[in-house]
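Visitor: Handing you a structure now.
What follows is calculated from the coordinates using simple rules that are stated; it is not laboratory data. Quick caveat, the model's predicted, so the values are computed rather than measured. Because the Cβ atoms are built from the backbone with ideal geometry, glycine has one as well, and the counts that use them run over all protein chains shown.
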Amino acid sequence: MKPEKIMVRLALVLLVGATALAGAASAQAATQSEFEAAYRAATEAEQKASALRNQWTPTEAALEAAAKAAAAKDYGTAMDLARRAEALAEASVEQAKEQDKLWQNAVLK
Amino acid sequence: MTRAAKPATARRAVASLVAAGLLGAGVATLLSPALRAQSAAPGQALAFDRAKGNCLACHTMKGGDVPSTVGPELSDMKMRFPDRSTLYAIIDDEEKRNPETVMPPFGKNLILTRQEINEIIDFLYTL
Amino acid sequence: MKVAIATIGRRAAACLVLLLALVLPPASAEQRIDPAADQRAFQAYFRQAFPSVALNDFANGPYAVDKDMRKQWEEIMQFPPYDFALEDGKKLFETPFKNGKTYADCFPQKGIGIRQNYPYFDRQTGEVVTLDLAINRCREQNGETPLPYQVGDMAAIDAYMASTSRGKPFAIALPADPRAFAAYEKGKKFFYERRGQLNFSCASCHVQAAGKRLRGDILAPALGILASFPIYRSDWGSMGTVDRRFISCNDQVRSVAFKPEDELYRDLEYFLSYMSNGVAIAGPGTRP
């Protein structure tokens, strides 16, 4: 076997192992109440974006998918999605705040 | 097992690992050119995916069928961007470098993950 | 200790003054809003970027700036795809309401040849009124239910009214009313601020990248962009109003769109139409 093939196999084994461990950890870690807290945090961040009239569609999609996963009792997935939604919502809030001043620079003069 | 029949997931896994830097640069230098070309496949898929990189919307590049002229043509990338971190910074948040750019901040706005950006860079370096 | 407190007090006072200076708009804010100067700069930019395009031709968007697309368009225009809507619109416009009145009773000049004056700032209500909003208010005043925006009958009536105004240059008025200026400024901000996960402003595509190719499409210049609305868009396979375009633009940049005739959309339409004063109405139009 060529060295590169060995490396490929080794890499695969490592990856599969790591994924399995990570999956087990997140599934174990996320309980319903933890998901609910994360979902609440995401919703609150999204409300801030809404107040600034700057919501993003991917945030809405992530919130919806999180709720769906939670309804199917897949709290690991639901938790990940809620966290993603919160990060997206926060990024949209940041964008709105930055643009509140920056837009002036783009005006044709 | 023929090369063609090799599962895409395996190729993707290898590329991911390399891109994520889990095994460090050492492996990359061990890989033959053929394998390196293979490791660009996931990056190419991401670059062409309209929901992900969607590079073809704005850039003319090898593999696209209609020319786009919003951004510069993507070619000779290794020569133009010898420093990988420059290319990463452009994809991550070009507005930071050039406030007037129309390029979306793929990293900053969570359009692509770190790993996905690195996979795209692997692909861009084949152009 | 006392000295320390006094220092803190002074510092706090200094901070407060600084904060107030940042928060309060400068006294000259009103004066800095200069729509006429904005309009000159806006039109000069596009005239310079597209020196061979005549002012009225900007209404034709991508067809004005690309020869190949113009050829395709000329072929399409042998049988304009908006003709059915135009016919429907004329019928709808002329059909009396249950109370016997018609749309003509709601509008100046009986609604004929007035598209170029919309949107206008209504000094009574202190808000921007678009043609579509006026159409629905007319219906409600006459005891009819409002039409859904964006498509269908609304787009058809809008198309007919635009067709009677073809050739008349946009003549958007900005009355000397601080509320009108505020609406204009809000629309201007909306036009220039980046939105959505993709971080595009209206200006990113229709100013900075105007005339450039986005896959097969040519990005339309913002000047005159509303003059040929409503449009039949091949991509939609149907007619759409300004609301429909704003909503789909927002959606494309991954921004949650607002409801049709949202105050922000009306202000945007006000700003954008004012920028295009002098460009003749060419609606209804077609787009790829």
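Visitor: Per DSSP helix of 4 or more residues, -39500 (n - 2.57); summed, then divided by the residues of chain C. What does that give at 222 nm, rounded to the nearest 500?
Guide: -14000 deg cm²/dmol
Visitor: Need one value for A:94-107: mean number of C-beta atoms belonging to other chains within 10 Å of its residues' C-beta atoms.
Guide: Neighbouring Cβ atoms belonging to other protein chains average 5 per residue here.
Visitor: For the range C:38-288, build the charge dipole from Cβ charges (+1 Lys, Arg; -1 Asp, Glu) around the Cα centre, then report which of C:Thr125, C:Ser273, C:His206 sits farthest towards its positive end.
Guide: C:His206
Visitor: Moving to a separate point now. Give, as a single signed number, the net charge of other residues whose beta carbon lies under 13 Å from the beta carbon of C:Asn277, with Lys and Arg counted +1 and Asp and Glu -1.
Guide: Neighbourhood net charge equals +1.
Visitor: Given the range C:38-288, what whole percent of its Cα pairs are spread farther than 34 Å?
Guide: In whole percent, the share of Cα-Cα pairs in the range C:38-288 beyond 34 Å is 12.
Visitor: Normalised radius of gyration for the range A:31-100, please: alpha carbon Rg relative to 2.2 N^0.38 Å, two decimal places.
Guide: That ratio works out to 1.08.
Visitor: Could you order peptides C:184-194, C:156-166, C:75-85 by the average number of other Cβ atoms within 10 Å of their residues, highest first?
Guide: Sorting C:184-194, C:156-166, C:75-85 by mean packing, highest first, produces C:156-166, C:184-194, C:75-85.
Visitor: What dipole magnitude, in Debye to the nearest 20, does the range C:188-273 give about its Cα centre under +1 on Lys/Arg Cβ and -1 on Asp/Glu Cβ?
Guide: Dipole size: approximately 340 debye.
Visitor: Taking the Cα centre of the range B:37-108 as the origin, how large is its charge dipole in debye, to the nearest 20, when only Lys and Arg (+1) and Asp and Glu (-1) carry charge on their Cβ atoms?
Guide: Rounded to the nearest 20 debye, it is 180 debye.
Visitor: How about B:Lys78: which lysines have a C-alpha closer than 20 Å to its C-alpha, ignoring those fewer than 8 places off in the same chain?
Guide: B:Lys62
Visitor: Sticking with this structure for a sec: Give the residue from C:Ala156, C:Gly240, C:Phe50 lying farthest towards the positive end of the charge dipole for chain C; charges sit on Cβ (+1 for Lys and Arg, -1 for Asp and Glu) and the dipole is referred to the Cα centre.
Guide: C:Phe50
Visitor: Okay, next question. Take peptide C:251-258, look around each residue's Cβ out to 10 angstrom, count Cβ atoms belonging to other protein chains, and average those counts.
Guide: What the average comes to for C:251-258 is 5.
Visitor: To continue, here is another question. Taking C:Lys212 as the anchor, which aspartates and glutamates have their alpha carbon closer than 14 Å to its alpha carbon, excluding any fewer than eight residues away along the same chain?
Guide: B:Glu73, C:Asp66, C:Asp68
Visitor: Please report, in cubic angstrom per residue, the volume enclosed by the convex hull of the alpha-carbon atoms of the range C:223-279.
Guide: 85 Å³
Visitor: Okay, moving on. Taking the Cα centre as origin and putting +1 on Lys and Arg beta-carbons and -1 on Asp and Glu beta-carbons, what dipole magnitude results for the range A:31-100, to the nearest 20 debye?
Guide: 140 debye
Visitor: Pull up the cross-link candidates among the lysines for C:Lys188, meaning alpha carbon to alpha carbon under 20 Å and not fewer than 8 places away within one chain.
Guide: Excluding near neighbours in sequence, the set is A:Lys97, A:Lys101, A:Lys109, C:Lys259.
Visitor: Just list whichever of A:Lys48/B:Lys96; A:Lys48/C:Lys189; B:Lys108/C:Lys67 have alpha carbons separated by over 29 Å in the model shown.
Guide: B:Lys108/C:Lys67
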